[in-house]
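The values are calculated or read from the model by the stated rules, or taken from the named source; none is laboratory data. Just so we're clear, the structure is a prediction, and the values are computed from it rather than from any experiment. Cβ coordinates were reconstructed from backbone atoms using ideal geometry, including for glycine residues, and neighbour counts include every protein chain displayed. The accessibility values were calculated without ligands, DNA or RNA, using every heavy atom of the protein model including side chains. Shrake-Rupley method; radii C 1.70, N 1.55, O 1.52, S 1.80 Å.
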Amino acid sequence: MYEIKKCSKVTDSEIFKTFTDGFADYMIQVEMDEKYFINRFFGPEGNVRELSFIAFKDDVPVGITLGGIKEGEHVKTLRCGGMSLIPSERGSGLAKTLMEYHEKEARDIGCRQLFLEVIKGNDRAINFYKKMGYEKVYDLNYRKWKIDSKNTIDSPVDDRVEELAYEDIYSLRDTDYSHLPWQSDFPYFRNMECNYYGIKENGNIVAGIVATDKRLIYLWVHPRYRMKGYGKALLKKVITELEPEELNVAYANSSLVHTFCNYLNMKMEPISQYEMYKWLI
């Protein structure tokens, strides 16, 4: 009934049309042109055409699942970067078929687990993924920080913040073992235009931040130097240098990040997600 092909065997236009047609009635409106979609979903989002599948019915594309490798937790993982079916094919078993292709591909290339994000409240999708063997593991929260009082963020180490390179910030992962949401993980923002700042002690980086003028992507301070103003100094550098009107923040299950966001009066966004995993034995 369906012909399943790898996305490397079809055109970008077919990929784009299938994805956007499937999201036409989604709870969050997806509005983007083809160039933006391809550059984002096969760029920072980490999807690969060879690991993505598209379904045809009577030569018409009707469903798609995107896939890409995620190794941020030092476990080779195939991430589902999006699945979309046109409305008339929902409930037909096509979603199960596409996810079976997705899982088989993961096993074939030596992945040990599967991973995806799903919006809380999308019960139909959540229940489907549970039936496919996925479990909810992390809660993914989004916040918005309106910058309206720049001068209230002061720290005794303000003058020690310096501009760094990606490789400098990446060295923090030798010590920072915290779980990072995909869009705050290093493989995601590595090829984006970001700003990197940090603080060193005895030549070693002990605190770092990654941000744009729209997003606060990553912030980490070595436990030995917490509660001493290092985080505030990094934030002050970002808002002084980049002059954002507001910053968007995403984080998963961290009491330290949660309370720090509360301290800065960052407002919780109405949309949140689950991160779901399936271990491949």
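Out of region 128-153, which residues are over 17 Å from LEU219 (Cβ atoms), assigned to a loop (DSSP other than H, G, I, E, B) and at pLDDT below 95?
Scanning region 128-153 gives ASP148, SER149.
I'd like to check something: does region 173-184 contain any residue that is assigned to a helix (DSSP H, G or I), without any contact (Cβ under 8 Å) to a residue 60 or more places away in the chain and open to solvent by 20 Å² or more (accessible area, probe 1.4 Å)?
yes
Tally up the residues in region 75-127 that are part of a helix (DSSP H, G or I), without any contact (Cβ under 8 Å) to a residue 60 or more places away in the chain and exposed (fewer than 13 other Cβ atoms within 10 Å of the Cβ), please.
Counting residues in region 75-127 that are part of a helix (DSSP H, G or I), without any contact (Cβ under 8 Å) to a residue 60 or more places away in the chain and exposed (fewer than 13 other Cβ atoms within 10 Å of the Cβ) gives 7.
How many residues are under 30 Å from LEU114 (Cβ atoms) and either touching a Phe, Trp or Tyr at 6+ places or on another chain (Cβ under 9 Å) or surrounded by fewer than 20 Cβ atoms within 10 Å (Cβ to Cβ) (or both) when one looks only at region 218-237?
Total satisfying the criteria: 2.
Test each condition in (1) surrounded by 17 or more Cβ atoms within 10 Å (Cβ to Cβ); (2) touching a His at 6+ places or on another chain (Cβ under 8 Å) for TYR134 and report the one that comes out false.
Failed condition: (2).
Could we say that SER155 is open to solvent by less than 10 Å² (accessible area, probe 1.4 Å), among the hydroxyl-bearing types (Ser, Thr, Tyr), touching a residue at least 40 places away in the same chain (Cβ under 8 Å) and out of contact with any Pro (no Cβ under 6 Å at 6 or more places or on another chain) here?
no
Quick one: would you say MET192 is modelled with pLDDT under 95, more than 24 Å from GLY67 (Cα to Cα), part of a loop (DSSP other than H, G, I, E, B) and not aromatic (Phe, Trp, Tyr)?
Criteria not met by MET192.
So, in region 158-172, of the ones that are within 17 Å of LEU235 (Cβ to Cβ) and not in a helix (DSSP H, G or I), which residue ends up most open to solvent (accessible area, probe 1.4 Å)?
Filtering region 158-172 for residues that are within 17 Å of LEU235 (Cβ to Cβ) and not in a helix (DSSP H, G or I), the one most open to solvent (accessible area, probe 1.4 Å) comes out as GLU163.
Residues that are open to solvent by less than 20 Å² (accessible area, probe 1.4 Å), at least 3 per element: which strands (runs of 3 or more DSSP E) completely within region 1-74 meet that?
Strands (runs of 3 or more DSSP E) meeting the threshold: 53-57, 60-70.
So, ASN202, is that one over 21 Å from the mean Cα position of the chain (by Cα) and of a type outside the set (Val, Ile, Thr) or not?
When the stated conditions are applied, ASN202 passes them.
How many residues are small (Gly, Ala, Ser) and open to solvent by less than 10 Å² (accessible area, probe 1.4 Å) if we restrict to region 238-275?
Of the residues in that region, 1 qualify.
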